[in-house]
Amino acid sequence: MSRWKRQLVTVFSLLLAVTFAFTVAADAAPRRDRIKKSTTNKSTLAQDALKTYVAPGDFDDYYAFLSGGHSGQVYVYGLPSCRHIRTIPVFAKYPATGWGYDNHSKEMMGDRFDWGDIHHPALSETNGDYDGRWLFVHDCAHNRVARIGLDDFKTHQILGPVPNVMGNHASSYITANSEYVFMATRFSVPIPKGTYVPIKDYNAKFNGVLSFIHVDPKSGHMSLDKSFQIKMPPWNYDLADGGKLVSHDWAFFTCYNSEAEFIEGKPLEVVASQRDKDYIVAVNWKKAEKAVSEGKFEKIDGIRVLDPTKVDGIVYAMPTKKSPHGVDVTPDGEFIIGNGKLAPVVTVHSFKGMLKAIETKDFVGKDMGITVLNEKITRVAEVPLGLGPLHTTFDDKGFAYTSLFVESAVAKWRWQKGPDQWKMVDKVPIQYNIGHIAAPHGLTTKPRGEWVMSLNKLSKGTHLKVGPDQPESMQLIDLSGEKMRVIFQAFPEPEPHYACIVAADIIEPKVFEVYDQKNNPEKEFAVLKPEDARVVRKDKNTVEVFAAEIRSAIYPNVIEVMQGDKVIFHLTNMETMRDEIHGFGICEYNVIGVPTPGETQTYEFVADKAGVWPFYCVNFCSALHQEMQGYLLVKPRK
C-alpha cells in the first residue's frame, strides 16, 4: 500500500470516530426517550437487578481496583454491586484520610510532585494467580511506581522517578511469582535524563527503555540496586503482560511508532502510522537476569542497563498489526494476543511458534539491532472482531473478550481448541468508546468468568446532567447466559484506565482493621494512656507534642507554644474498635490528620501566627464528637 493510501486510511478512521461521537451527542435526548419506552421484559430486568443486588450487611464476591488516572488515586469497588467502597490515595494529597499531610506520607510523596497519573494497577501473583498481598501502581507522568499493602489498603512505598524511563505507560505489570514489576518507556528520550539532543536526531540518539524492578519476596519492597533495564530503539512502548506457566520466563510489550520518527510540525498519528505492522517485543527476563549477574551491563544513571544488540537472545520482535495497544497472554501461557488498534483484527502469536523461530533462527532480519522473527512461524491467527481492538481478557471456559474502542462494543471469541477456535461468537454494544476491559482474575492462570467490566471513556447522556465536566462510564456485563448482557452502569471518579478484579476470599483473611503496637508505623511516638500525653520543649525553638484521641476527648486539650516555634505533633488514635476513626485539624493552620484505630501520625508545622487557635476532631466519631476540642495557644515573642 502506498504512503498516501495509508494516510488516507488513517484519516478516514479518525473521521469515522469523530462522526460517531458527534452523532451520539446529537442523539442523546431521543435516546433517553427510547430507553424510557423500552419494551424489555420486566422479569428480565428484575433478574438483572437481583444479580447485582447486594443486601445491606452482605458482602460482594470480588474486589475491583480501578486506576484513578491523573487523580493519582486508586478506587476500590465491590462486584457485582459496583459500589464504591474506598479510595486509596497514592500520588496526590487526599485530606479525607489525611494522606499527604502527615510526615510519613509526605516523606513517601516527596516535595517535588503533588499529582500522579495511574493507568494500570497490578496485583501480586504466586504461580500466575493473584495472592492478595500487594497492589502495584505507576505514575506515568513522573516515572514512579508504588506499592499498596492489601492488609491495610494503604500506600507503603513510592519508588522513583526511575532512571532513564520517561512516561512509564507500559506499567505496572508483574512476573508470575512477583519477582519483578516491569515497565517501559512511552516517550523515548536521550539517556540519561537531562541530556540535550535536538529533535532531528530522534532516530539516532533517542532510546526507549524496558525496566524490571526487583520486588522482595517477603516484604514487597522494591529496590533499584537489584533491578535492571534494557536499552531499546526509540519506539513508543504501549502496554505489556507477563508470561504464564510455559512462558513464565518471558515478558511481552507492544509498541507503535516502529518507524522510530518524531518530526517537528507533523502529527505523530501520521508519522507513526506509515507501516502496516508494528511489533510485540518479547523479552526473556530470566536470560536477561543471568546476563546481569555475569556483568554484561553498563551503569547508566546508577542502574544496570543491558544492550540487546550486544547481549544475544534476550529480546525479539514479532510483527503485529497495526499500532497494537494491549498485549495479553492466554491463561495457559501458550498464546500472545496483540490488539491492533488501527486494524479490525487481533493477532494471535504462538509461544511454541516463537520458540521454534528462535531455535531455528527463522528471522527476517534486524530492525535497529533487534532480531525480528518470521511472523509466518509465530502467528497462528488473525481474528476479525471489529473496529479499534484495544484489550483482551479471559474467562474460565476458553473464551476471550476484546474491547472495541471505535465500535463501542465488546467481542467474545474462542481461543481454546474447538470447532469455533479463532472465531467471534458474540458481540455486545456498550456506552461509549470502551478502553480497558477487566474480568475476575481475567489475566491470570485461573480466570473466574462470571463478569466483564467495561471501562468506557464517554458516558454521553446516560446520566443526570452535571455540566461540561462529564464522568466516565463503567458497565457490568453478565456472562452467565448464552449471550452477553449489559446489566449495570456506574460512573466512577476520573479517570479509570484499567481494573484488577480479585476474589474477596483471597484478600479478606489478610486484612486487619485496628493497628497494634507491632504494626503501628510510628509506634515509638505512640501514647497508650491519656495520662501519658505531654508537651515537651526540646530546645529554644522546638516543641514536641505527644497527644492522643479517644471518645470523646483530645489529650492534652491545651497546648502552649511560642510564636515561631517548630511544632512536632505526634497524635495517637487510642481506640481499639474498628470504625472508630478520629481526625485532627487546627483552625487556620492547614493541619489535617486522620489516624485510624491504634495508629500514630506525626505532623510538623511552624507556629507563625500568635493568638488562640482551636483544634478539634474532624471525623464524626460519637454523640459527644463536638466536645472533642482543645486550644493551641501561641504566645508572641517579645
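The values are calculated or read from the model by the stated rules, or taken from the named source; none is laboratory data. This is a predicted model, so every value here is computed, not measured. Neighbour counts run over all protein chains shown; Cβ positions are idealised from the backbone, glycine included. For accessibility, only protein heavy atoms count, side chains too; no ligands or nucleic acids. Shrake-Rupley method; radii C 1.70, N 1.55, O 1.52, S 1.80 Å.
Key figures
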item: Extension gain, SER293 back to LYS635 (0.36 nm per residue minus Cα-Cα distance, nm); result: 117.0 nm
item: Rounded to 10°, Cα long-axis angle of helix 3-26 versus longest principal axis of the chain; result: 50
item: Distance from segment 591-607 to segment 139-216 (C-alpha centre basis), Å; result: 32
item: Rounded FRET efficiency, nearest 0.05, which uses the C-beta distance separating LYS510 from ARG112 and R0 of 30 Å; result: 0.35
item: For segment 498-638, accessible area per residue (1.4 Å probe, heavy atoms of protein chains only), Å²; result: 49
item: Ordering of 471-477, 218-224 by burial proxy (mean other Cβ atoms within 10 Å per residue, highest first); result: 471-477, 218-224
item: Other-chain or far-sequence residues with amide H under 5 Å of ALA548's (modelled H); result: TYR555, THR572
item: Label-point gap, in nm, between ARG86 and GLU588 - each point 7 angstrom along Cα→Cβ; result: 3.7
item: Contact order relative to length of the chain, as percent, for alpha carbon pairs under 8 angstrom and 6 or more apart; result: 10
item: Portion, in percent, of the accessible area of the chain that falls on carbon or sulfur, probe 1.4 Å; result: 55
item: Aspartates and glutamates with Cα under 15 Å of LYS361, excluding same-chain neighbours fewer than 8 positions away; result: ASP312, GLU375
item: Relative packing of peptides 154-165, 103-114 - highest average C-beta neighbours within 10 Å first; result: 154-165, 103-114
item: Residue pairs, from the table LYS244/LYS356; LYS106/LYS523; LYS287/LYS446; LYS296/LYS356; LYS205/LYS290; LYS287/LYS322, whose Cα atoms sit over 20 Å apart; result: LYS287/LYS446; LYS296/LYS356; LYS205/LYS290; LYS287/LYS322
item: Residue-by-residue Karplus 3J(HN,Hα) for segment 75-83, coefficients 6.51, -1.76, 1.60, Hz, glycine and proline x; result: 10, 9, 10, x, 10, x, 5, 6, 7
item: Segment 523-635 - percent relative contact order, Cα under 8 Å, separation 6 or more; result: 28
item: Set of lysines near LYS460 by C-alpha distance (under 27 Å), chain-local residues within fewer than 8 positions excluded; result: LYS36, LYS37, LYS42, LYS51, LYS341, LYS412, LYS427, LYS483
item: For segment 240-335: relative contact order, % (alpha-carbon pairs under 8 angstrom, 6 or more apart); result: 39
